[in-house]
Amino acid sequence: MATVFIPALLRKLTGGKDRTSATGATLRELINDLDRQFPGFRDRVVEHGDLAGSVAVSINGEVITGGLAEPVPTDSEIHFVPAIAGG
Amino acid sequence: MATQEAKFKVIGTRPIRHDGVDKVTGRARYGADINLPGLLHGKVLRSPHAHARIKSIDVSAAAALPGVKAVITSADFPKLKSGVVPLGELAMNPLYMSMNLLAHDKVLYDGHAVAAVAATSPHIAEEAVKLIKVEYEVLPHVQDVRSAMKEDAPILLPDVRTSGAPEKSDKQTNIASQVRFARGDLDVGFKAADIVVEREFNTAMVHQGYIEPHNAVAQYNADGQATIWTSTQGAFTARDQCGLVLGIPASSIKVVPAEIGGGFGGKIPIYLEPLALLLSKKSGKPVKLVMSRGEVLRATGPTPGSHIRVKMGANKAGKITAAQVWMAYEAGAFPGSPVGAGCMTILAPYDLENLQIDGFDVLVNKPKTAAYRAPGATNAAMGAETVIDELAEKLGIDPLEFRRINGAKEGTAQPAGPKYLRIGYLETVEAAKNSAHYKSPLPKVSGKLVGRGVASGFWFNAGFQSSATVNINTDGTANVVTGSPDIGGSRASCAMIAAEVLGLKAEEVHPVVADTESIGHTDMTGGSRVTFATGYAVYEAAQDAVNQLKQRAATLWKAKPEEVVFQDGVVSRTTNGQESMSLKELAGKLPRAGGPVGGRASVNPRGVGPAFATHVVDVAVDPETGKVDILRYTATQDVGKAVHPSYVEGQMQGAVAQGVGWALNEEYFYDEKGTLRNAGFLDYRVPTCLDLPMIETILIEVPNPGHPIGIRGVGEVPIVPPPAAIANAIYRAVGVRMTELPMSPPKVAKAVLEKK
């Protein structure tokens, strides 16, 4: 079971909860579980069948590169954060 | 992966850069140096209005001018749909990109491109653009974020809705996106504070100020294949953007990255490349476009001005109890300011329990902003780091000690949530505290008031995709091929990494920056990622070459590959210590041992190590004129493992120089009509060597555990602290808290007068 930290502007979907537990062997499965718990969640982070271009995901402090297929280790801490490139 | 104990023979030394002679002798070929048979010269017609509807464009007179071979307008671009498309490391809206390249139905800023001409000489092209008749209906414009956010503000893009907003709305708006980070309880935090400081800040739009203007040469062939030579931070990125916006396969375009005279983020977007390509397609000839300095300033991608409010509370022990930030950044004419990065960086050096950060990306009638060294973070630091200085002062705590008390370390949650892995922020604070500079008394300057300021900064750094090949030459030297345009000395660092693995000298490895058909996909040079990620690919490619060399030696010795070891440029057989060969000897025998050796690797690495910096600056302020002189400047930084320390120092010094300009002089100055009035280096004043002392650097090497050599990006974070550090120094000198950038002489003089 992973701990997912809910982005502040999505907490309306979660009734104000700033974190929740979710299951899924991959990020796709995890987001599906979040969407089941909080309908509408998936649409806020997924576009065209992939992670939205404006969204990055950190698992245990590291920004992932595998997109929705990224494996999610048990007991992970997961954050959805803005995608950043740089100059 | 990296170990503190790793011993290097090449990494950490200071060889002469491989491209140095070409650059100092003028032999290096930049984009504008490219000439081809039959070359035409292009010129772009630009909007004189900040906001206007284009009623009509008549190009007939221009097209009829002798020597003119092609004229294009937005009608020559394919019709594109609005929507965000992932493009490697970037997410882009092809419609907006197209609208920025040549205005569609509206011009949205002074300098917005409207049409382009190709002619047999630059002078004819210049004459021709003057003959293009554009009928405009001038519209009200808005250039300030707070005005642009108002309900009755002129709307720039009717289809924009606030992305990220908690509630969906169908209302037209200039607020393109919204972001928030929040945790803990602000009320509880502020109640626990013994002191609260709240201030508002305004920072001006500034430009990266790279010396070399944008340029592009394009040749479109009748078979549908095209070649573009251009000054770009990413050949593949430029190719993909061109393909997207022109509606043609990216693979039909070859982009050859020319030598680049600075980018700092501003040469990631494309401006001239598709225009040159369309003009070439229309004329059947190669076409060159080169911007003037005025065009660079008016119509490329500066970094946003911003309005920032910071409220922070701290207790008597010096612990920050709560922090609240509100920030609005100028996106320019199309969405995409770095406000998200600003929000994620503004409090990143600190361990905070209660915080809320709100950010807004706001459309204004100014050029579409682009990345500029740690985009978004410098504006943000000006707010937080000066408020922190004020808290420390009011609590009677040394400002560096205050930062040490609150500083983030491994395991600290970032403002955005994720916990830091191994970082070196506190080490930068300690290094600043222990520096000769901080321990020395302030110098005295006759007739001027002196002060010392400090500030810290954070930048994420990036990974992304890179490819590299390492080919062994017949004489035992090596060539390293990458796809990363070299802006800050990355040829040298890539060659040194290969040399380290292969047991060669740095001079025995020849680094090459290849075009898009000669190397695997490589994302842009940006995000301080090249030495980290492309260096990672080089490391892996060199290891691949070593494995092949071991196989070849095994073939010669009729041994098993696992019986062969490679160390310090020598292969030897473990089961028979008598048999060994240097790489040079083995290279000559490769034809009889299985053939040439070429290592290759393509990576998309994780393990990015973020960077922190803490700076100390002494200033002298003339209380009569308000002029601020930098007397002494020391930059400390966690640089991971410094591959070539001179280039790390160079990055730090260059970034500080830019930060000083941002702090004291640079600003886009628009008149009431929305016209940029200082579109040249005489009036847009960047610092010169006469304005700066030697920037002292202290490199702190906290190896990044996510990289085989311990590398962290180094190029961006040193631009983050300077404006705040200088503002804090000005306060210590004259007793006024500056809250606007630039802190130019009139503003400082006014503030001093008002205090009196």
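The residue that is farthest from the other protein chains (Cβ to nearest Cβ), among those in region B:151-166 that are of a type outside the set (A, V, I, L, M) and under 27 Å from the mean Cα position of the chain (by Cα), is B:162.
Can residue B:636 be described as hydroxyl-bearing (Ser, Thr, Tyr), assigned to a loop (DSSP other than H, G, I, E, B) and not assigned by TED's automatic domain parsing to the domain that holds residue B:531? Lay out the reasoning, then the answer.
Values: hydroxyl-bearing (Ser, Thr, Tyr): yes; assigned to a loop (DSSP other than H, G, I, E, B): no; not assigned by TED's automatic domain parsing to the domain that holds residue B:531: yes.
Taking the combined requirement at face value, the residue does not satisfy it.
Among residues of region B:575-590 that are more than 14 Å from residue B:561 (Cα to Cα), those with a Cβ under 9 angstrom from a residue that is surrounded by fewer than 13 Cβ atoms within 10 Å (Cβ to Cβ) and at pLDDT 95 or above, sequence gap 6+ or separate chain, pair up as B:584/B:475; B:587/B:474; B:587/B:475; B:588/B:474; B:588/B:475; B:590/B:474. Would you mind stating whether residue B:228 is assigned to a loop (DSSP other than H, G, I, E, B), of a type in the set (A, V, I, L, M, F, W, C), at pLDDT 95 or above and more than 30 Å from residue B:196 (Cβ to Cβ)? No: the conditions fail for residue B:228.
Taking first residues from region B:603-618 that are over 10 Å from residue B:721 (Cα atoms) and in contact (Cβ under 8 Å) with a residue 12 or more places away in the chain and partners that are of a type in the set (A, V, I, L, M) and in a strand (DSSP E or B), the Cβ contacts under 6 Å between residues at least 6 apart in sequence or on separate chains come to B:618/B:631.
Take residue B:336 and tell me if it is assigned to a loop (DSSP other than H, G, I, E, B), within 14 Å of chain A (Cβ to nearest Cβ), at positive phi and within 16 Å of the chain's Cα centre (by Cα). In short, yes. Restricting attention to region B:488-517, the residues that are closer than 22 Å to residue B:269 by Cα, outside any helix (DSSP H, G or I) and more than 14 Å from every other protein chain (Cβ to nearest Cβ) total 6.
Kindly indicate whether residue A:57 is closer than 18 Å to residue B:341 by Cα, more than 8 Å from chain B (Cβ to nearest Cβ) and hydrophobic (A, V, I, L, M, F, W, C).
Details: closer than 18 Å to residue B:341 by Cα: yes; more than 8 Å from chain B (Cβ to nearest Cβ): yes; hydrophobic (A, V, I, L, M, F, W, C): yes.
Answer is yes for this residue.
Restricting to region B:556-602, count the residues that are part of a helix (DSSP H, G or I) and not hydrophobic (A, V, I, L, M, F, W, C). Total meeting the criteria: 9.
Taking the stated definitions as given, is residue B:195 surrounded by fewer than 20 Cβ atoms within 10 Å (Cβ to Cβ) and either modelled with pLDDT of 95 or more or in the same structural domain as residue B:687 (by TED's automatic domain parsing) (or both)? Considered against the rule, which asks whether it is surrounded by fewer than 20 Cβ atoms within 10 Å (Cβ to Cβ) and either modelled with pLDDT of 95 or more or in the same structural domain as residue B:687 (by TED's automatic domain parsing) (or both), residue B:195 comes out as yes.
Considering B:642, B:655, the condition of being within 16 Å of residue B:726 (Cα to Cα), at pLDDT 95 or above and either within 20 Å of the chain's Cα centre (by Cα) or assigned by TED's automatic domain parsing to the domain that holds residue B:528 (or both) is satisfied by B:655 alone.
Contact map, region B:421-449: first residue without any contact (Cβ under 8 Å) to a residue 60 or more places away in the chain, second residue assigned to a loop (DSSP other than H, G, I, E, B), Cβ cut-off under 9 Å, separation 6 or more or different chains; pairs are B:426/B:408; B:426/B:409; B:433/B:398.
Where strands (runs of 3 or more DSSP E) fall entirely within region B:252-320, those with at least 1 residues that are buried (at least 21 other Cβ atoms within 10 Å of the Cβ) and either touching a Cys at 6+ places or on another chain (Cβ under 6 Å) or of a type in the set (Ser, Thr, Tyr) (or both) are at B:253-257, B:306-314.
Of all residues in region B:713-756, those satisfying the criterion of being within 14 Å of chain A (Cβ to nearest Cβ), touching a Phe, Trp or Tyr at 6+ places or on another chain (Cβ under 7 Å) and not hydrophobic (A, V, I, L, M, F, W, C) are B:713, B:716.
Scanning region B:497-518 for residues that are crowded, with 24+ Cβ neighbours inside 10 Å and touching a strand residue (DSSP E or B) at 6+ places or on another chain (Cβ under 9 Å) yields B:497, B:498, B:499, B:501, B:502, B:504, B:509, B:511, B:513, B:516.
The C-beta contact set for region B:228-241 (first residue touching a residue at least 40 places away in the same chain (Cβ under 8 Å), second residue of a type in the set (S, T, N, Q) and in a loop (DSSP other than H, G, I, E, B), distance under 7 angstrom, 6+ apart or interchain) comprises B:233/B:525; B:234/B:525; B:235/B:516; B:236/B:516; B:236/B:522; B:239/B:516.
The set of residues from region B:343-357 being more than 10 Å from chain A (Cβ to nearest Cβ) and either within 20 Å of the chain's Cα centre (by Cα) or outside any strand (DSSP E or B) (or both) comprises B:346, B:347, B:348, B:349, B:351, B:352, B:353, B:354.
For the residues B:368, B:319, the requirement of being more than 14 Å from chain A (Cβ to nearest Cβ) and within 19 Å of the chain's Cα centre (by Cα) singles out B:368.
Of all the listed residues (B:718, B:723, B:687), the sole one being modelled with pLDDT of 95 or more and under 25 Å from residue B:641 (Cβ atoms) is B:718. No other residue among B:541, B:537, B:553 is more than 43 Å from the chain's Cα centre (by Cα), at pLDDT 95 or above, buried (at least 16 other Cβ atoms within 10 Å of the Cβ) and part of a helix (DSSP H, G or I) apart from B:553.
Among the residues of region B:435-472, just one is in contact with an Asp or Glu (Cβ under 6 Å, 6 or more places away or on another chain), within 14 Å of another protein chain (Cβ to nearest Cβ) and either over 30 Å from residue B:508 (Cα atoms) or among the basic types (Lys, Arg) (or both), namely B:459. Within the set B:385, B:401, B:390, the sole residue that is surrounded by 24 or more Cβ atoms within 10 Å (Cβ to Cβ), outside any loop (DSSP other than H, G, I, E, B) and touching a residue at least 60 places away in the same chain (Cβ under 8 Å) turns out to be B:385. Can you find, within region B:168-192, the residue that is surrounded by the most Cβ atoms within 10 Å (Cβ to Cβ) among those that are in contact with a Gly (Cβ under 7 Å, 6 or more places away or on another chain) and not aromatic (Phe, Trp, Tyr)? Selected residue: B:179.
So that you can scan it fast, the table gives a plain yes or no per residue for (1) touching a strand residue (DSSP E or B) at 6+ places or on another chain (Cβ under 7 Å); (2) more than 15 Å from residue B:473 (Cα to Cα):
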residue	(1), (2)
B:549	yes, no
B:553	yes, yes
B:567	no, yes
B:570	yes, yes
B:573	yes, yes
B:581	yes, yes
B:598	yes, no
B:602	yes, yes
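Residue count for region B:574-606 under the criterion of being of a type outside the set (A, V, I, L, M) and buried (at least 19 other Cβ atoms within 10 Å of the Cβ): the result is 2. For residue B:366, the requirement of being over 17 Å from residue B:430 (Cβ atoms) and among the basic types (Lys, Arg) is met. The number of residues in region B:438-453 that are surrounded by 19 or more Cβ atoms within 10 Å (Cβ to Cβ) and either among the small types (Gly, Ala, Ser) or in a helix (DSSP H, G or I) (or both) comes to 2.
The values are calculated or read from the model by the stated rules, or taken from the named source; none is laboratory data. Predicted, not measured: the structure shown is a model, and the values here were computed from it. Neighbour counts are summed over all protein chains in view; Cβ atoms, including those assigned to glycine, are modelled from backbone coordinates with ideal geometry.
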